Amino acid sequence: MTWSEAMREAIALACDPGAPRGRNPRVGCVIVDRENVVVGRGFHRGSGTAHAEIAALQEAGERARGATAVVTLEPCRHIGRTGPCAAALIEAGIARVVYAIDDPTDAGGGAALLTQAGCEVIGGVLAAEATSINREWLIAAARGWPFVRLKMAVSIDGRVAGPEGEELTLTGRESRRYVHALRASAQAVMVGTGTVITDDPKLTVRDAPVLAAGQPMRVAWGMRDVPETANIRNSDAPFHQVRGHDPDAALAELFAMGVREVLVEGGPTVAGTLLAADRVDEVVWLIAPVYLGGGPGAVQSLGLYRTLDVNSVDKVGDDVRIIAVPGRG
C-alpha cells in the first residue's frame with residue numbers, strides 16, 4: 001500500500017456520513033503497520049469526541065508501535081476538550097506520520113512536535129484532495145467568519161416573486177431536492193426577518209437525507225421580532241435570531257456559536273447586503289424557464305457592481321444552475 005492509497009482511504013473515512021458538520025473539520029486516519037497492513041481506522045465524529053488519530057490508535061492497540069499514521073489533517077498539539085493527537089501518537093510509538101494539509105488554526109504545530117520527538121513526518125500527500133473535503137471549513141477557520149453560500153431561485157428575467165411581491169414556486173422538483181441537499185450539508189440556513197414574516201418558511205431538510213448532525217440551525221437576521229407562531233420557530237430544528245443589520249457582526253456571532261458554513265436563502269435585501277460587503281464566498285443561481293415581467297429582482301443594493309467567476313453551468317431538471325465565486329478582477 002502506497003502512502004497515496006492509504007491517504008485515499010483516510011479521506012474516504014473523513015467523508016463518512018457519521019462525520020457531522022461543526023466547528024471541527026472532517027478528518028480521517030489509518031494506521032499501517034510495518035508489514036504494510038492497515039491495523040487501525042478512525043474518523044472524527046464531532047466536537048468533544050475522540051479525534052480521528054485517537055480512534056485509529058484505539059483500534060490498532062499495540063500494533064501501532066513502529067507503525068505509520070496516515071491522516072488527512074496535521075495532528076493537533078493543543079489541549080482542548082480532548083488531548084493533543086501529536087502527543088498520543090508519540091506515546092503510542094508511531095514511527096512515521098504522513099499527513100495531507102497543515103492545520104490553519106491555533107491547534108496546528110503537531111508536525112513540529114512529532115519531528116522533535118524523532119518521528120518521521122511527511123506532509124502534503126494528496127493535499128488537493130484533502131483540501132476539497134474541508135474547503136468551507138478551511139476558509140472559515142483561516143479568517144474567522146463562516147463560509148457563506150448564497151442561493152437564489154429566479155425567473156428567466158431575474159425576478160424572485162410575482163408582480164405584487166407574491167410568493168411563487170419558480171423552480172422544479174429536481175432543483176428543490178438539490179436545495180434541500182445544500183441545506184443538509186450546511187450548519188445554518190439564514191434568511192432575513194422580512195422573508196420570515198412574509199413567506200413563513202420552514203427552512204428544514206425534507207427532500208434530502210438528514211445527516212448525522214441533524215437538521216441545520218435556522219437563522220433569522222434582522223431587527224424585526226419573529227412571531228412565536230412562525231414556522232422557523234417550531235421544534236423541527238434549532239432556531240436563532242441575529243439582531244442588527246451589520247453583516248460582519250452577524251457572521252461573527254454565528255462563528256462564535258461554532259458555525260463554519262451558512263447557506264443564505266434570504267431575499268433581495270439580504271443578498272444585496274452580503275454581496276455589497278463582499279461576504280459571499282459562493283453564489284448558486286437557479287434559473288427557472290419562467291418569465292414574470294414584473295416583481296422584485298434577486299438583489300437589492302444601490303450601486304452594487306460585482307464580478308463573478310463562473311465555476312459551472314448545468315441543468316437541474318428544466319432549470320439552469322450557475323455556480324460562481326467572487327471575481328478576481
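The values are calculated or read from the model by the stated rules, or taken from the named source; none is laboratory data. Nothing here was measured: the structure is a model prediction, and the numbers come from that model. Glycine also receives a Cβ, built like all others from the backbone with ideal geometry; neighbour counts cover every protein chain displayed. Heavy atoms of the whole protein, side chains included, go into the accessibility calculation; ligands, DNA and RNA do not. Shrake-Rupley method; radii C 1.70, N 1.55, O 1.52, S 1.80 Å.
So that you can scan it fast, the table gives a plain yes or no per residue for (1) among the aliphatic types (A, V, I, L, M); (2) out of contact with any Gly (no Cβ under 7 Å at 6 or more places or on another chain); (3) open to solvent by 40 Å² or more (accessible area, probe 1.4 Å):
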| residue | (1), (2), (3) |
| --- | --- |
| ALA277 | yes, yes, no |
| ASP281 | no, yes, no |
| GLN300 | no, no, yes |
| ALA324 | yes, yes, no |
- Item | Restricting the stretch 260-275 to residues that are within 23 Å of GLU164 (Cα to Cα) and assigned to a helix (DSSP H, G or I), the residue that is most open to solvent (accessible area, probe 1.4 Å) | THR269
- Item | Scope the stretch 11-60; condition part of a loop (DSSP other than H, G, I, E, B), aliphatic (A, V, I, L, M) and at pLDDT 80 or above; matching residues | VAL27, VAL37, ALA50
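Could you please let me know if ALA250 is in contact with a Gly (Cβ under 9 Å, 6 or more places away or on another chain), among the hydrophobic types (A, V, I, L, M, F, W, C) and surrounded by 15 or more Cβ atoms within 10 Å (Cβ to Cβ)? Spell out the reasoning first.
On the way: in contact with a Gly (Cβ under 9 Å, 6 or more places away or on another chain): yes; among the hydrophobic types (A, V, I, L, M, F, W, C): yes; surrounded by 15 or more Cβ atoms within 10 Å (Cβ to Cβ): yes.
Against the criterion (in contact with a Gly (Cβ under 9 Å, 6 or more places away or on another chain), among the hydrophobic types (A, V, I, L, M, F, W, C) and surrounded by 15 or more Cβ atoms within 10 Å (Cβ to Cβ)), ALA250 qualifies.
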- Note on the structure: Filtering the stretch 288-308 down to residues that are in a loop (DSSP other than H, G, I, E, B), out of contact with any Asp or Glu (no Cβ under 8 Å at 6 or more places or on another chain) and not hydroxyl-bearing (Ser, Thr, Tyr) yields VAL290, GLY294, PRO296, ALA298, VAL299, GLN300, LEU302, GLY303, LEU304
- Condition test on GLU164, is it out of contact with any Cys (no Cβ under 9 Å at 6 or more places or on another chain), at pLDDT below 90 and either within 13 Å of VAL320 (Cα to Cα) or assigned to a loop (DSSP other than H, G, I, E, B) (or both)? yes
- Query: On the given criteria, is ARG34 touching a Cys at 6+ places or on another chain (Cβ under 9 Å), in contact (Cβ under 8 Å) with a residue 12 or more places away in the chain and of a type in the set (Lys, Arg)?
  - Reply: no
- Task: Count, please, the residues in the stretch 193-227 that happen to be in contact with a strand residue (DSSP E or B) (Cβ under 6 Å, 6 or more places away or on another chain) and of a type in the set (Ser, Thr, Tyr).
- Result: 1
- Return the only residue of VAL98, VAL121 being touching a strand residue (DSSP E or B) at 6+ places or on another chain (Cβ under 7 Å) and open to solvent by 40 Å² or more (accessible area, probe 1.4 Å). VAL121
